[in-house]
Amino acid sequence: MRAAVVRAFGGPEVVEVVEAELPEPAARQVRIKVAAAALNPVDAGVRSGVFGGAGKQIGLGWDVAGTVDATGVATAWNVGDEVVALDYGMVKPLGTHAEYVVVDTDAVAKAPTSVDAVAAATLPLNALTAVQALDLLELTPGQTLLVTGAAGAVGGFAVQLAAHRGIAVTGLARETDEQLVRSLGAAGFTATGEGSYDAVLDAAVLGEAALARVRDGGGYAGVIPQAQPASVRGVRTTAVEVSADGARLAELVRLVDEGVLTLRVAETFALDDAAKAHARLTEGGVRGRLVLVP
């Protein structure tokens, strides 16, 4: 099979599409024939060496939508099932930017029925990050939340999920994104970050600038593990380390099919054009996800 990998760190030009052995599922694993796989900022981090792995072949891609192609023992999935999954891992020899991928069975959920595979591939990593970060804040209906980077993938899901829970959400984004952020369910909008809130979900990684917007004794949740700012004024600070969770992913799929969550695709690329997709991501200004289609 073909797979997008890096064997040296650098810019988009280091991304290679290579021939690789077809992976075989072990017990409690399934192999998915990839229909679509989103490209995320974490892939750019892997490519540039942020997470280490020098001297190794490192596969790219965390999100996948496709069809179960083979199963190991002790799995409830069947060949032919249409699924989505999160393939977690910073430094792995193969990722989801490939024609096939093997994942643990409990990382898998049935695919949404209301959207195609390209859109479905934008769900796992970003929506799981958003919902798991929101859970850390333990907010109740009526409390106030500022979501930074509200027009981005994680931030957009966070706005929708929080609004669905009855939380009063304000989105922080560029002025040109106000209509988009309000369409996602934000009750308020700010381009400057003014105001005081019960909590902040810092999808834009503003750090202390976002923490300053939290009331005394409130909560702060970041999206980069162990990178949250130090606590001040009694504010509880934490950061999500996203985990693969098929049951939780199934809940998010249901919210997609109910129209609660919006999936946004910016552009699609052939797997062979993975380096071009990385170059587009590097340019910035992408609204929605870039998706690779083998």
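The values are calculated or read from the model by the stated rules, or taken from the named source; none is laboratory data. Just so you know, these numbers come straight off a predicted model, no measurement behind them. Cβ coordinates were reconstructed from backbone atoms using ideal geometry, including for glycine residues, and neighbour counts include every protein chain displayed. Calculation scope for accessible area: heavy atoms of the full protein, side chains included, ligands and nucleic acids excluded. Shrake-Rupley method; radii C 1.70, N 1.55, O 1.52, S 1.80 Å.
A compact table of results
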| item | result |
| --- | --- |
| Filtered residue count, region 276-294, keeping only those that are of a type in the set (A, V, I, L, M) and surrounded by 18 or more Cβ atoms within 10 Å (Cβ to Cβ) | 5 |
| Residues of region 193-204 classified as within 19 Å of the chain's Cα centre (by Cα) and surrounded by fewer than 16 Cβ atoms within 10 Å (Cβ to Cβ), total | 0 |
| Top-ranked residue in region 66-101 [being of a type outside the set (G, A, S) and open to solvent by less than 10 Å² (accessible area, probe 1.4 Å); ranked as nearest to the chain's Cα centre (by Cα)] | L86 |
| Residue tally, condition within 17 Å of the chain's Cα centre (by Cα) and in contact (Cβ under 8 Å) with a residue 60 or more places away in the chain, over region 211-238 | 3 |
| Selection within region 6-24 - open to solvent by less than 50 Å² (accessible area, probe 1.4 Å) and either polar (S, T, N, Q) or under 19 Å from A274 (Cα atoms) (or both) | V6, G10, G11, P12, V14, V15, V18, A20 |
| Matching residues in region 229-248 - criterion: being touching an Asp or Glu at 6+ places or on another chain (Cβ under 8 Å), in a loop (DSSP other than H, G, I, E, B) and open to solvent by 20 Å² or more (accessible area, probe 1.4 Å) | R233, G234, A244, D245 |
| Among the candidates A54, A27, A35, A3, residue that is in contact with a Gly (Cβ under 7 Å, 6 or more places away or on another chain), small (G, A, S), open to solvent by 10 Å² or more (accessible area, probe 1.4 Å) and under 30 Å from G284 (Cα atoms) | A35 |
| Tabulated pairs, region 250-274, first touching a residue at least 24 places away in the same chain (Cβ under 8 Å) and more than 16 Å from V159 (Cβ to Cβ), second among the hydroxyl-bearing types (S, T, Y) and open to solvent by 30 Å² or more (accessible area, probe 1.4 Å), C-beta under 6 angstrom, 6+ apart or interchain | D257/T113; D257/S114 |
| Sole exception among (1) at negative phi; (2) in contact (Cβ under 8 Å) with a residue 60 or more places away in the chain; (3) open to solvent by less than 20 Å² (accessible area, probe 1.4 Å) for G61, by number | (1) |
